[in-house]
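Asks: Encoded as structure tokens, here's the structure I'll be asking about.
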Ligand SMILES: C[S@@+](CC[C@H](N)C(=O)[O-])C[C@H]1O[C@@H](n2cnc3c(N)ncnc32)[C@H](O)[C@@H]1O
């Protein structure tokens, strides 16, 4: 058997395994694994014009097995694209989602590029929002906070790798570590999945940290804390931009109203590309 024939057999075996596990993108996943972890150029991975030594094929099939067990591709690769950068991800952090890019977009609209601003990214996880904002607004100082020390280690690794000198991370239970009237803008993608939704969640989510996903009170407890704590920490004309669940669009305006402890100049809700209400933006007086 020549080496191309052997490669073909290995790839077919992997595709069959993935298809058998209801994976709808077997070819893309295989290409991503080969190019990301075995340094095979993408076009060669697609055409099968490459060879691996037996130990490498063994490792390749172990990774395919992880994928058939629904481990997210981003954890297998250790990386994820978000906004304009590639971020390290580990099972200690949530895998950044495309809808969270709307949070970055919304925050940037309220952050001038020619002025010094102080930004807090609460529930920072991998630091994807904090680092993206810091890179887009070099004159601003961005502080990412999280309750998880392991998540903060990954965030710090991303900050260093992406050279975001104007970004820092600290441990904080929500906004408890910040002093009053000290911040211009707060962003947050807090945990917001209701525990009762667990049975209907995709199996991939069971690999992500529970504390990054679930919140008490029908998924609203962390958002309530944000709404209660943010007004005191924000300066005059400060803004809070936060993400919420695709099914929480009705509950959020009620929560904003019932927790308001300071005059709100503007409250708006922004939809994602799927048409779901996903981002709340509050401008305080
Ligand atoms: C949904 S993840 C968001 C991660 C990241 N911002 C993103 O968008 O990919 C929520 C994050 O909130 C953190 N978290 C949970 N409870 C918290 C609390 N009480 N205070 C601060 N962070 C908390 C989790 O550790 C997790 O990293």
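Just so you know, all these numbers are worked out from the coordinates, no wet-lab data involved. Keep in mind it's a predicted model, so treat the numbers as computed, not measured. Glycine gets a Cβ as well: all are built from the backbone with ideal geometry, and neighbour counts include every protein chain shown.
Asks: Once you have all Cα-Cα distances for the stretch 1-67, histogram them in 10 Å bins from zero and send the whole-percent values.
Replies: Bins of 10 Å from zero give 22, 61, 17, 0 percent of pairs.
Asks: Before anything else, pin down the relative contact order of the stretch 3-69: Cα pairs under 8 Å, at least 6 apart, normalised by residue count, whole percent.
Replies: On the way: 45 pairs, mean separation 29.9, N = 67.
This gives 45 percent for the stretch 3-69.
Asks: Quick one: what does P(r) look like for the stretch 1-148 with 10 Å bins over all Cα pairs, in whole %?
Replies: Percent of Cα pairs in each bin: 10, 32, 24, 18, 12, 3, 0.
Asks: Rank by packing, highest mean first: peptides 123-134, 198-209, 102-113, with packing defined as the count of other Cβ atoms within 10 Å averaged across residues. Walk me through the numbers before you get to the answer.
Replies: Working: 123-134: 28.6, 198-209: 12.7, 102-113: 17.9.
Descending packing order for the listed peptides: 123-134, 102-113, 198-209.
Asks: Further question: So in the chain, what percent of DSSP beta bridges are antiparallel if you round to the nearest 5? Please list the in-between numbers first.
Replies: Details: 16 of 37 bridges.
If we restrict to bridges inside the chain, about 45 percent are antiparallel.
Asks: Compute the helix-to-body angle for 26-37: its Cα long axis versus the longest principal axis of the chain, expressed 0 to 90° and rounded to tens.
Replies: Once rounded, the angle reads 80 degrees.
Asks: If you wrap the chain's Cα atoms in a convex hull and average its projection over all directions, what's the area in nm²?
Replies: Numbers: hull surface 63.9 nm².
One quarter of the hull surface, i.e. the mean projection, equals 16.0 nm².
Asks: Once the Cα atoms of helix 221-233 and of the chain are each reduced to a long axis, what angle between those two axes, in degrees from 0 to 90 to the nearest 10, is obtained?
Replies: Here the helix axis deviates by roughly 50 degrees.
Asks: Would you mind computing the Rg to Rh ratio of the stretch 158-285 from its alpha-carbon coordinates, Kirkwood style for Rh?
Replies: Details: Rg = 15.7 Å, Rh = 15.9 Å.
My calculation of the ratio gives 0.98.
Asks: With an 8 Å Cα cut-off and a minimum separation of 6 or more residues, compute the relative contact order for the stretch 243-285 in percent. Please list the in-between numbers first.
Replies: Numbers: 52 pairs, mean separation 19.3, N = 43.
Contact order relative to length: 45 percent.
Asks: Quick one: Cα centre-to-centre distance for the stretch 21-38 and the stretch 232-259, in angstrom?
Replies: Computed from Cα coordinates, the inter-centre distance equals 39 Å.
Asks: From largest to smallest, what semi-axes in whole angstrom does the stretch 86-127 give when each is the square root of 5 times an eigenvalue of its alpha carbon gyration tensor?
Replies: Numbers: eigenvalues 109, 29, 15 Å².
Here the semi-axes work out to 23, 12, 9 Å.
Asks: Give the separation of the Cα centroids, the stretch 177-205 to the stretch 94-124, in Å.
Replies: Here the answer is 14 Å between Cα centres.
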